[in-house]
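Following: one structure in structure tokens, then a few remarks.
Each value in this text was obtained by applying a stated rule to the coordinates, not by laboratory testing. As the structure is a prediction and not an experimental result, all values here were calculated from the model. Cβ placement follows ideal geometry from the backbone for every residue including glycine, while neighbour counts extend to all protein chains displayed.
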Amino acid sequence: MTLLQLTSLRKHYGAVAALDGVGLSVAAGSRTAIVGPSGCGKTTLLRLVAGFDQPDAGSIVFGGRVLVDGAFQVPAHKRGIGIVSQDGCLFPHLTVAQNIGFGMEAERAVKEASAAELMDMVGLDRAMLSRKPDQLSGGQQQRVALARALARKPRLMLLDEPFSALDTGLRAATRKAVTDVLTAAGITTLLVTHDQAEALAFADQVAVMRAGRFAQVGSPREVYSRPVDPATAAFLGEAIVLPAAVAGGRAESPLGVLPVDDAAYRGSAEIMLRPEQISVTGGGGNGVSGTIAEISFCGPTSDVRIALGGTDISIRLDIPSREALAAGDQVTIGVSGKAHLFRQ
Amino acid sequence: MLLGSSMSSIAETSVPVVPRRLPAASSWTLTIAVAVALAALLPLGFVLWATVATGWETAFQLIFRQRVGDLMVNTVLLVVFTIPVCAMLAVSLAWLTERSDLPGARLWSWLAVAPLAVPAFVHSYAWIGLWPGLHGLSGGVAISVVAYFPFLYLPVSAAFRLLDPALEDQAASLGLAPFAVFRRVVLPQLRLALCGGALLIGLHLLAEYGLYAMIRFDTFTTAILDQFQSTYNGVAAHMLALVLVLCCFVLLGLEAGLRGRRRYARLGPGVARRPKITKLGRWKYFCLLLPLVVAAFSLGIPALTLGRWLIAGGAGIWRMDEIGLALWQTLVICLIGGIATTAAAVPIAWLSVRRPTRASRFLEGCYYLASSMPGVVVALALVTVTVRVMLPLYQTVATIVLAYVVMFLPRALVSLRASIAQVPVELEQAAASLGRSPGNALWATTVRLAAPGAAAGVALASLGIMNELTATQMLAPNGTRTLAMAFWALTGEIDYAGAAPYALLMVVFSMPLTWLLYSQSKKIAGR
């Protein structure tokens, strides 16, 4: 069942189109991530859903109720949509307990009791309830912000880069805690992020955004293995893009003859492989041979550029570090799985 | 030798631990700062001395009597009525000019600050020009509101610009309607600005003489001056000064209590989004009424009265010899006072930026406390001290300049500190590593680069001095006649037309300085 339906949303700031006709449907209970480079319009989209800004055109329907349609607009405070923003946005003049109770309409005792329960839910010590926000760490602030939004029992939760201000270690832990809490509560979630790994790990549905449009919407696996174009492929992770002649589900490429995921296409095209499909072994073996043109050691992996034999094409990838390899060595390159074909 | 010393400086600056650089400069600066603080605290010391010298019994009799009770009622009512009205006016105007699409918001914002260019006693003069019967509490409150609300408007509008609009969005997403957002999120964050501005107004209400004397409304300050003029420097005046100082302390204490300890800093990284502008729609023209009415009362009335007297007086009131002399004396005394005040602020400004210690914070507190003492108390103290201890200094330029330093030092301190903080300390260190002595290094780098801030400090202190009447009257050397003094003497003789050119000159010279104050507050707010 669709909980949130966005149709042809447009928003201009002066001459710049922040959103250029965006449509998306979000299923109830699902997790959707909108991912894109900074300035692609993803935060604008979230602000339109929250009701902080008004679109120039398009409609938003939430749980069967029209929130925005043309000039009609339901104000933010009547939408019942929760939001956790990048820096948590806690009210600096209120304690943690007052922050959590801020949006609740209940007696003081009820508020305090629910604030304590919510603290347990987001994994924070109840003793922090009397603190002011500036006495909390960044991760704790984010959890309080989540508790505050949860207090109103929203059906939809918007997360605006809520983990990007945190350190790497804390980020993964906080993300897991937030995901668990939202899943347990059965709340539909819309996450906006510029971190593709975070988007792929978090969501059931990923929407890749570029210059105010969705380049592709699909499951994490689908957008990662079968991106619509080389730009999307490169944004979601390392990609090796090669020219090939394709016929009957097979591609003749500088890495040999490879199976492709499109049986019908015939002609020349670009194909894509992910680095994890490629294995590099020293000396002879099955596969295409190449020469290590450059190698730089980065700890567990080494960044290598391999000149492919018989062509002027070279590929660049990270391989597990090995003692033996050095520039000038001959290697054999093996490929597993199908290559992805970009239709032109 | 030279090479050796510069090498060691290089070695020192490359060490991350901060050693005691420039110890000589530091201790000298501290000594001067302490000396200035002691001079600034002279009035407070005087009040204590006067109380002890009077003896408890006499003091008790002089303080607990009907007259003092009446003055206390007047003062309390004045403060209790004026400050809330100013606060409501300032918040409404600041919201309209900063957060709504009010037509001509920039103009209205400037017009809300412009009344500061009109000295308080000129406001009073303008009002009784229109309503000669005006007197008492109602008159006092009405004129005080138009004369002083900019002191609240300035910090509140700056605070509006600094608010993080994301917090308001967040509150809306938590189900709060716009007015509830304003009450529960915006207003609490304006508290610091409101408290600071209200304190400033309260202190002005206690210290102002001319405004209330002109409409025959008695406050402690007017009573002290009356006493001073009739019995010169009696015990009764001293005891009124004691009560006045205690009133100031009550205000300071109230403000400290209400303000709370915590600053509401923006949490988290990043730059705040630009604030959202509320569309007034069909309310637009109704909302325009507020700034229009305020400007009519705070600027229109002075303009109207001044214009009327200037036209009625014709060419006859422009006695150029007298006016020229007063103008010249005013400019000289403003310049001397402004420069002296800024120079006195340099040591503490430098210390509080470069060597922030508990001692420097304490010293800074002393300056602020000293400057919150009413001019009449400062003057009374300096009169007593010079007459009793250093008679040759009585009614000299040195004494009056000292009074100005005590009263206006924080104005210079604020601009100096802001500009010193922008000069990286590494420049001083680089100059030292190039062989400059500590004092020389300071002069060649920080002092040069902080010059614009110092100039602003001189200007702001001068603005205060130009419109100062109370202390100037009591301390000015014989034969001195500044614009304010001449204006006051002429209105005392009911020569309202003759006083008009002096009022006009004060306003004209205050305008650019008020503009400076306005643009500085914008700059501090980051825009």
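Using DSSP to define loop residues, name the trypsin sites (Lys or Arg not before Pro) in segment B:38-107 whose beta-carbon has at most 13 other beta-carbon atoms within 10 Å. Mind showing how you got there, number by number?
On the way: sites: B:ARG65, B:ARG67, B:ARG99, B:ARG106; in loops: B:ARG65.
Loop-located and lightly packed - B:ARG65.
Using a 10 Å cut-off around each Cβ of peptide A:80-93, what is the average number of partner chain Cβ atoms that fall inside?
On the way: counts 2, 1, 4, 6, 2, 6, 4, 7, 4, 11, 4, 10, 10, 11.
Mean partner shielding for this stretch: 6.
Going by the alpha-carbon gyration tensor, a ≥ b ≥ c the square roots of its eigenvalues, is segment B:35-81 rounded (a/c under 1.5) or, if a/c is not under 1.5, prolate (a/b greater than b/c) versus oblate?
Values: a/c = 5.83, a/b = 1.35, b/c = 4.33.
It is oblate, given that a/c is not under 1.5 and a/b is not larger than b/c.
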Practice item. Could you work out how far helix A:168-185 tilts from the main Cα principal axis of chain A, as a 0 to 90 degree angle to the nearest 10? Key: 60
Exercise for review: Going by C-beta contacts inside 10 Å, put A:LYS42, B:LYS276 in order with the fewest on the left.
Suggested key: B:LYS276, A:LYS42
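Give me a single rounded figure for A:131-142: the average over its residues of other chain Cβ atoms within 10 Å of their Cβ. Working shown, then result.
On the way: counts 0, 3, 4, 6, 0, 1, 0, 3, 0, 0, 2, 1.
Counting other chains' Cβ atoms within 10 Å and averaging over A:131-142 gives 2.
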Check your understanding: Could you state the number of Å between the C-alpha centres of segment B:102-150 and segment B:23-89?
Key -> 27
Revision key, fill the gap. For chain A, the longest principal axis of the Cα atoms and the Cα long axis of helix A:138-150 enclose an angle in degrees, to the nearest 10, of 60
Practice item. Find me the longest stretch of chain A that has none of the exposed GluC sites (Glu not before Pro), where exposed means in a DSSP loop (not H, G, I, E or B) with at most 12 other Cβ atoms within 10 Å. Key: A:108-322
Point to revise | Estimated distance in nm for a label pair at A:MET128 and A:ASP312, the labels positioned 7 Å out from Cα along Cα-to-Cβ | key: 5.9
Exercise for review: Tell me what the protein assembly as shown gives for mean residue ellipticity at 222 nm when only DSSP H runs of n ≥ 4 count, each as -39,500 (n - 2.57), the sum divided by the residue total, rounded to 500 deg cm²/dmol.
Suggested key: -17500 deg cm²/dmol
Review point. Which aspartates and glutamates does B:LYS522 reach when only Cα atoms under 13 Å apart count, and residues fewer than 8 places away in its own chain are ignored?
Key: B:GLU98
**Study point:** Efficiency of FRET from Cβ geometry, A:ASP195 and A:ASN286, R₀ 22 Å, rounded to 0.05
**Key:** 0.05
Exercise for review: At 0.36 nm per residue, minus the direct Cα-Cα distance, what do B:ALA489 and B:LEU254 gain on full extension? Give it in nm, one decimal, please.
Suggested key: 80.9 nm
Practice item. Return the lysines within reach of A:LYS176: Cα separation strictly under 27 angstrom, same-chain partners fewer than 8 residues apart disregarded; answer none if there are no such residues. Key: A:LYS42, A:LYS111, A:LYS132, A:LYS153
**Study point:** Averaged over B:485-497, number of beta-carbon atoms from partner chains that fall within 10 Å
**Key:** 0
Exercise for review: Let me know the longest stretch in chain B that avoids all chymotrypsin sites (Phe, Trp or Tyr not before Pro) found in a DSSP loop with at most 12 other C-beta atoms within 10 Å.
Suggested key: B:233-527
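Between B:LEU290 and B:SER437, what FRET efficiency comes out of the Förster formula 1/(1 + (r/R0)^6) with R0 = 35 Å and r the beta carbon distance, rounded to 0.05? Show your work: numbers first, answer last.
Numbers: r = 58 Å, r/R0 = 1.66.
E between B:SER437 and B:LEU290, to the nearest 0.05, is 0.05.
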Point to revise | Alpha-carbon centroid distance for the pair segment A:288-318 / segment A:30-90, whole angstrom | key: 45
Practice item. Quick one: check the C-alpha center-to-center distance for segment B:374-393 versus segment B:275-341, whole angstrom. Key: 33
Review point. Once you put a point 7 Å from the Cα of B:GLU426 and another 7 Å from the Cα of A:ARG152, both along the Cβ direction, what distance in nm separates them?
Key: 4.6
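What does the extension gain come out to for B:ALA315 and B:ALA444, with contour length at 0.36 nm per residue minus their alpha carbon separation?
Length gained, B:ALA315 through B:ALA444: 41.3 nm.
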Review point. So for the pair B:GLU57, A:ALA71, with labels modelled 7 Å out along Cα→Cβ, what separation do we get in nm?
Key: 8.5
Revision key, fill the gap. So B:SER521 and B:MET390, fully extended at 0.36 nm per residue minus their Cα-Cα distance, gain in nm 43.1 nm
Point to revise | Computed magnitude of the charge dipole of chain B (debye, nearest 20; Cβ of K, R +1, Cβ of D, E -1) | key: 1820
